[in-house]
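Presented below is the structure to which this report refers.
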Amino acid sequence: MRRLLFDARRLLRAPSRTPRMAVVVGRLLGSAFVICFATGLYSHFLQDPLPWMHLPTWPLNLYQLTQGIHVTAGIACLPLLLGKLYVVYPALFRYPPVKSLPQLLERASIALFVAASIVQIVIGLLDTVQWYPFPFNFRQTHFALSFVVVGSLAVHIAVKLPIIARHWTRARSIDAVDEDEAADVAPPPISGLTGRIIDWIDSAPPPEPGISRRGFLATITVATGGLVAFTAGQSFALLDPIDLVAPRKPGIGPAGLPINRTARAARVTEAMVGDDWSLRVSRGDISVAYSRAELAGMQQHEVLLPIACVEGWSQQASWRGVRLRDLVDAVGAGPDQRLRATSLEVRGGYRVMEMGPEFVRHDLTLVALELNGDRLDIDHGYPARIIAPNRPGVLQTKWLSALEVI
Ligand SMILES: Nc1nc2c(c(=O)[nH]1)N[C@H]1C(S)=C(S)[C@@H](COP(=O)(O)O)O[C@H]1N2
Ligand SMILES: [Mo]
């Protein structure tokens, strides 16, 4: 066994499989994970704030930026993780597999880290194309796993700190023989048939050295840079012309704005949004119902705000409609009261949305009736939808039916 493991390690030696390379790729991957964690937490708390939280409404494109970074960095994690695994996986064949209890814990934490990262990245990417072939809830799982990933990453970094420090800068290590490798002496010969078979394996010429260090770095750079460049256009308008891979393209859809969930998918029919439609605004026992014509007869405001989807695409648009504050003030809402908005949609995760007072009272928060100069399309939420600054797309509720001050 020991002999076979030794042979496996010998066969897998490659110029790019050095501790220095593990550190170079690890640094990039670690940074991408930390960026994803921070921006992910922000997105999470926008959707599920803790009671004491006061969320920023400014700068107006903050969420567009943080979520664009989240998805783009998440996409970059895929080639980086594959590269990192390529560099380090011969360590799986180390002998003896574990020498001590701390080392057992260290290896267990790496196993957890690798498994959690792979699941995290894969379900994240699947979410960006809205494909959920797994039986668990995406958001809860992605949130919980982020703590597993970051926690085991911290343990991993702590354990490897000496190696990381030693190989952080280039000078020391560039051509130095790796200490582990130098210490990796061949085990004593084995007698008998097994020994002969192994000797026969060993007599084969040594493997080609494989991809060079530079070639490996170039591959990782091109794969990561390419993926980022070709998808980031969905979040960053400058790169839009080369947005080849991202699942949604700005500018395509009714009124030049992409649709995430069509009226049909949400089972909202023309009949439900006909002349009978009204928007009920209430606070406790006080309740007022507005027809669409009545809403259109109130003072209208025009705002320029993006839809910034959690899946990474975002687009600026011009919205026109009634200020939410005017509607809730008409039923006597206080300055610290929250709002619950309900959609006509029969079922679906985004049928009901809640909003804190920082958004309810904001000048730019509208019950929008028009988009880019035209009456809202039914797919964009006709007769009326919410648009508010700095909130995830999922909270920009379409096909409003009721607003309750709570
Ligand atoms: N009622 C309701 N509103 C909704 C959704 C939904 O599923 N139901 N999807 C949201 C999502 S995920 C996004 S990104 C935006 C997209 O807006 P658009 O399709 O109007 O461009 O609407 C949001 N509003
Ligand atoms: Mo979204």
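The values are calculated or read from the model by the stated rules, or taken from the named source; none is laboratory data. Since the structure is predicted, the reported quantities are computational estimates derived from the model, not experimental observations. Neighbour counts are summed over all protein chains in view; Cβ atoms, including those assigned to glycine, are modelled from backbone coordinates with ideal geometry. Side chains included, ligands, DNA and RNA excluded: accessible areas come from the protein's heavy atoms. Shrake-Rupley method; radii C 1.70, N 1.55, O 1.52, S 1.80 Å.
Among the conditions (1) assigned to a helix (DSSP H, G or I); (2) modelled with pLDDT under 95, the only one that residue 14 does not satisfy is (1).
Quick check on region 372-384: of everything there that is open to solvent by 10 Å² or more (accessible area, probe 1.4 Å) and not in a loop (DSSP other than H, G, I, E, B), which residue is nearest to ligand 2 (Cβ to nearest atom)?
Going through region 372-384, the residues open to solvent by 10 Å² or more (accessible area, probe 1.4 Å) turn out to be 372-375, 377-379, 382.
Retained after the next criterion (residues that are not in a loop (DSSP other than H, G, I, E, B)): 374-375, 378-379.
Details: 374: 22, 375: 22, 378: 18, 379: 14 Å.
Here the residue is 379.
Residues in region 274-327 that are charged (D, E, K, R), closer than 20 Å to residue 375 by Cβ and more than 16 Å from ligand 1 (Cβ to nearest atom): 6 in all. Tell me yes or no: at least one residue of region 288-295 is touching a Pro at 6+ places or on another chain (Cβ under 7 Å), outside any loop (DSSP other than H, G, I, E, B), surrounded by 16 or more Cβ atoms within 10 Å (Cβ to Cβ) and of a type outside the set (A, V, I, L, M, F, W, C). Among the residues of region 288-295, at least one is touching a Pro at 6+ places or on another chain (Cβ under 7 Å), outside any loop (DSSP other than H, G, I, E, B), surrounded by 16 or more Cβ atoms within 10 Å (Cβ to Cβ) and of a type outside the set (A, V, I, L, M, F, W, C), which makes the answer yes. Scanning region 81-130 for residues that are of a type in the set (Gly, Ala, Ser) and assigned to a loop (DSSP other than H, G, I, E, B) yields a count of 1.
Looking only at residues in region 392-406 that are open to solvent by less than 10 Å² (accessible area, probe 1.4 Å), of a type outside the set (Phe, Trp, Tyr) and within 16 Å of ligand 2 (Cβ to nearest atom), the one that is farthest from residue 340 (Cα to Cα) is 392.
Does residue 239 satisfy being without any contact (Cβ under 8 Å) to a residue 40 or more places away in the chain, within 30 Å of residue 73 (Cβ to Cβ) and crowded, with 16+ Cβ neighbours inside 10 Å? Judged against the criteria, residue 239 is a match.
Please state which one of 69, 121, 110 is touching a Cys at 6+ places or on another chain (Cβ under 6 Å) and among the β-branched types (Val, Ile, Thr).
Of the residues listed, the single one that is touching a Cys at 6+ places or on another chain (Cβ under 6 Å) and among the β-branched types (Val, Ile, Thr) is 121.
Residue-level check: of (1) away from ligand 1 (no atom under 13 Å from the Cβ); (2) not in a loop (DSSP other than H, G, I, E, B), residue 394 misses just (1).
From 94, 139, 107, which residue is open to solvent by 30 Å² or more (accessible area, probe 1.4 Å) and under 21 Å from residue 24 (Cα atoms)?
On inspection, the qualifying residue turns out to be 107.
The condition of being closer than 24 Å to residue 356 by Cβ, part of a helix (DSSP H, G or I), modelled with pLDDT under 95 and open to solvent by 50 Å² or more (accessible area, probe 1.4 Å) does not hold for residue 78. Scanning region 350-361 for residues that are assigned to a loop (DSSP other than H, G, I, E, B) and open to solvent by 40 Å² or more (accessible area, probe 1.4 Å), we see that the one that is farthest from residue 393 (Cα to Cα) is 361. Looking across region 18-40, the residues that are more than 27 Å from residue 212 (Cβ to Cβ), in contact with a helix residue (DSSP H, G or I) (Cβ under 6 Å, 6 or more places away or on another chain) and among the β-branched types (Val, Ile, Thr) come down to 35, 39. The selection criterion, being of a type outside the set (Gly, Ala, Ser), at pLDDT below 90 and open to solvent by 50 Å² or more (accessible area, probe 1.4 Å), does not hold for residue 27.
Total residues in region 1-41 satisfying the condition of being under 23 Å from residue 113 (Cβ atoms) and not aliphatic (A, V, I, L, M): the figure is 15.
Take the conditions (1) more than 16 Å from ligand 2 (Cβ to nearest atom); (2) surrounded by fewer than 22 Cβ atoms within 10 Å (Cβ to Cβ); residue 365 misses just one of them, which is (2).
This table checks each residue for (1) hydroxyl-bearing (Ser, Thr, Tyr); (2) buried (at least 22 other Cβ atoms within 10 Å of the Cβ); (3) assigned to a strand (DSSP E or B); (4) in contact (Cβ under 8 Å) with a residue 12 or more places away in the chain.
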{"position": "318", "(1), (2), (3), (4)": "yes, no, yes, yes"}
{"position": "328", "(1), (2), (3), (4)": "no, yes, no, yes"}
{"position": "332", "(1), (2), (3), (4)": "no, no, no, yes"}
{"position": "340", "(1), (2), (3), (4)": "no, no, yes, yes"}
{"position": "348", "(1), (2), (3), (4)": "no, no, no, yes"}
